[in-house]
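The values are calculated or read from the model by the stated rules, or taken from the named source; none is laboratory data. This is a predicted model, so every value here is computed, not measured. Ideal geometry is used to build each Cβ from the backbone, glycine not excepted, and the neighbour counts take in all protein chains shown. Ligands, DNA and RNA are stripped out before the accessible areas are found, and what is left, the full protein with its side chains, is counted by its heavy atoms. Shrake-Rupley method; radii C 1.70, N 1.55, O 1.52, S 1.80 Å.
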Amino acid sequence: MTIEVSDHAPTPRAAEILTPEALAFVEQLHDRFAGRVPGLLERRAERREQLARNPRLDFLPETAEIRAGDWTVPEPPAALADRRVEITGPASPTKMAINALNSGAKVWLADLEDASTPSWFNVIDAITNLSDAARGDLSFTSGEGKEYRLRTDAPLALVVVRPRGWHLPEHHVTVNGETAVGALVDFGLHFFHNARVLSDKGEGPFYYLPKMESHLEARLWNDIFTFAEEALEIPAGTVRATMLIETITAAFEMDEMLYELRPHASGLNAGRWDYLFSIIKNFRDAGASFELPDRAQVAMTAPFMRAYTELLVQTCHKRGAFAMGGMAAVIPNRREPEVTEQAFQKVRDDKSREANDGFDGSWVAHPDLVPVCAEIFDGVLGDRPNQIDRQRPDVDVQAADLIDISSLQGTATMVGLRTNLYVAVAYTAVWLSGNGAVAIHNLMEDAATAEISRSQVWQQVHNGTVLESGETVTRELVEHVLDEELDRLHGEVAVDAYERYYAPAGELVRTIVLSEEYTDFLTLPAYDLLTKQG
Ligand SMILES: CC(=O)SCCNC(=O)CCNC(=O)[C@H](O)C(C)(C)COP(=O)(O)OP(=O)(O)OC[C@H]1O[C@@H](n2cnc3c(N)ncnc32)[C@H](O)[C@@H]1OP(=O)(O)O
Ligand SMILES: O=CC(=O)O
């Protein structure tokens, strides 16, 4: 085996991360595990093809024994016992890493997925920041002279790293001539540099695992963790991971996923945005009864979304695992108090529902939301670190409840179509500029939310959806609205930014919303473009 890196110096300190030993570890991971990834991705495609023929899903008959079995996951380590507020955000730039660590949240989900453009700079800078953070030695001075230091007056957030999903390659690394698997590069570099120091402190390493579609994908992660612990002589079971249930197929395999990851399993998270994306993706050609209304009209109180979160809490607590809530996309605006108050109220409502349903903690997108979420969970948890012992025998979710999309009342409107196109282009442009999350119209937009926007447009064109106004969504209509939204963006951003990022983003979005074939992930063609742009 040979591992090759095309650029050894994407950041000034890259040599500290891309050491021969760390690369040898990443190579070992590829040697043992990369070969299983294409088969798992192929399985996703096969299942999607089955859904195209018959849009039904059910719990798996072959794993009924696992669902009926009486097993639990291991007790959480002390450091991870209280997760009532988790802030999410990218691990690069450094100032955001420091802000997240200092935010007062119990946990920081350090994101190399939805909130991060996987430029080689960002990947290596993120691992550098995480390595400094693990050693308590992270600081930064901005161009304007603002100093960022880790606080010493209160605990820092505990770091839980989210590597990329299985679908994303890493173009800057090849192993035996094959493009590396992004997830194995992220995990391998982070684990190699930090496993020992974190495990000595009892602080991990801990991970969040994104976008999985079946328990077999969880099995792969479990095998990777077992191998990595042995390779670096870290006690077995030190790694703990929380899996995002953010695909519709995974919702049917919650027990099985916890079972597969059992020695390393910590909990499940209700990743609502990717979940909605997955519903659109999987039922995109199943007709009008599987169409969602405008994104703004889909609330967590919709019956099929409640079925998903209720089942998640029930499953987790039965297995002694954390049930983690998701992200309300509203964010405060420090310059606009009214926007902030509205965001606080929406977040309060969202977190109250989660805490009362039995979730053990939840996510926020912004430091100013940490106290809002904390107050709600403090009210329900009090001095208890979590409510894992709260069982939900009252929950009775059937397969049909999870996919009863038509139970959601709502409409598809021209405003929704316009917003989807605007957001898809604006987000993709910002992503191409190296920033994986951005506030647009006071909402947090990241890869998951942008996937919803562009997928919904594809579905509406495909289905010839009739909007509330009576107009039918045709290719011509989408071209026309897209051109108008591009004009709007042209007027809103600097000329050079428009030329460099927004115009290519507009063409990318045009191609994927109008193509016959559905594009599985927006970030795949965007990553090709990013790599070409250099
Ligand atoms: C679907 C999912 O997967 S959800 C999880 C993935 N998505 C995310 O993690 C998004 C996280 N949130 C963010 O990235 C940001 O909040 C954004 C992009 C939405 C908004 O950021 P900004 O426009 O910078 O917001 P704003 O100007 O109010 O920020 C104020 C300060 O808080 C910091 N800040 C804002 N959000 C965060 C965050 N999540 N983590 C750390 N710091 C943050 C900003 O860096 C800024 O710091 P500064 O004053 O030192 O310059
Ligand atoms: O990753 C989280 C989501 O909501 O999607």
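Using the Cα gyration tensor of region 203-296, with a ≥ b ≥ c the square roots of its eigenvalues, what is the shape: rounded (a/c below 1.5), prolate (a/b larger than b/c) or oblate (neither)? It comes out prolate by the Cα gyration axes. Under a model in which nothing but the beta-carbon of Lys, Arg (+1) and Asp, Glu (-1) is charged, region 256-388 shows a dipole of about 240 debye around its Cα centre. Protein heavy-atom accessible surface, 1.4 Å probe, per residue over the chain: 38 Å². Spin-label model, A439 to Q345: label points 7 Å out along the Cα-to-beta-carbon direction sit 1.9 nm apart.
Counting lysine pairs in the chain that sit 8 or more residues apart in sequence, or on different chains, and whose Cα atoms lie under 29 Å apart gives 22. Cα centroid separation, region 465-525 to region 293-311: 27 Å. Counting only protein heavy atoms and using a 1.4 Å probe, what share of the accessible area of region 203-335 belongs to carbon plus sulfur, as a whole percent? Roughly 50 percent of what the probe reaches on region 203-335 is carbon or sulfur.
Counted over region 411-533 with a bin width of 5 Å, the fraction of Cα pairs per bin, in whole percents, is 2, 12, 23, 25, 21, 12, 4, 1, 0. Counting 0.36 nm for each residue step from L60 to A296 and taking away their Cα separation leaves a gain of 81.7 nm. Of the accessible area of region 411-533, with the probe set at 1.4 angstrom, what percent is carbon plus sulfur? Carbon and sulfur together cover 53 percent of it. Under a 5 Å amide H cut-off, with hydrogens placed 1.01 Å from N, A110 pairs with V160, V161, R162 among residues at least 5 apart or on other chains. Relative contact order for the chain: 16 percent, from Cα pairs under 8 Å spaced at least 6 residues apart, divided by residue count.
Extension gain for R500 to D520 (0.36 nm times residue separation, less C-alpha to C-alpha distance): 4.7 nm. With a ≥ b ≥ c taken as the square roots of the eigenvalues of the C-alpha gyration tensor of the chain, please select rounded if a/c is under 1.5 and otherwise prolate if a/b is larger than b/c or oblate if it is not? Verdict is rounded for the chain.
On region 1-153, 49 percent of the accessible area sits on carbon and sulfur atoms, based on a 1.4 Å probe. The alpha carbons of region 1-81 stretch over 51, 42, 24 Å along the principal axes, in descending order.
Relative contact order for region 411-533: 33 percent, from Cα pairs under 8 Å spaced at least 6 residues apart, divided by residue count. Only DSSP H runs of four or more residues enter the estimate; each adds -39500 (n - 2.57), and after division by the residues of the chain the mean residue ellipticity at 222 nm equals -15000 deg cm²/dmol.
Note on region 211-229 and region 71-88: Cα centroid distance 19 Å, given to the nearest whole angstrom. Model label points for D200 and E178, set 7 angstrom from Cα along the Cα-to-Cβ axis, are 3.5 nm apart.
So if I take the centroid of the Cα atoms in region 414-437 and the same for region 95-109, what is the distance between those two points in Å? Computed from Cα coordinates, the inter-centre distance equals 26 Å. Residue ranking by accessible heavy-atom surface, 1.4 Å probe, largest first, among T315, T2, T411 comes out as T2, T411, T315. Considering only alpha-carbon pairs that sit under 8 angstrom and 6 or more positions apart, the relative contact order computed for region 275-429 is 34 percent.
The calculated FRET efficiency for the pair R13 and E492, based on their C-beta separation and a Förster distance of 30 Å, comes to about 0.25.
Potential lengthening of the chain between D396 and E375 amounts to 4.6 nm, from the contour at 0.36 nm per residue minus the alpha-carbon distance.
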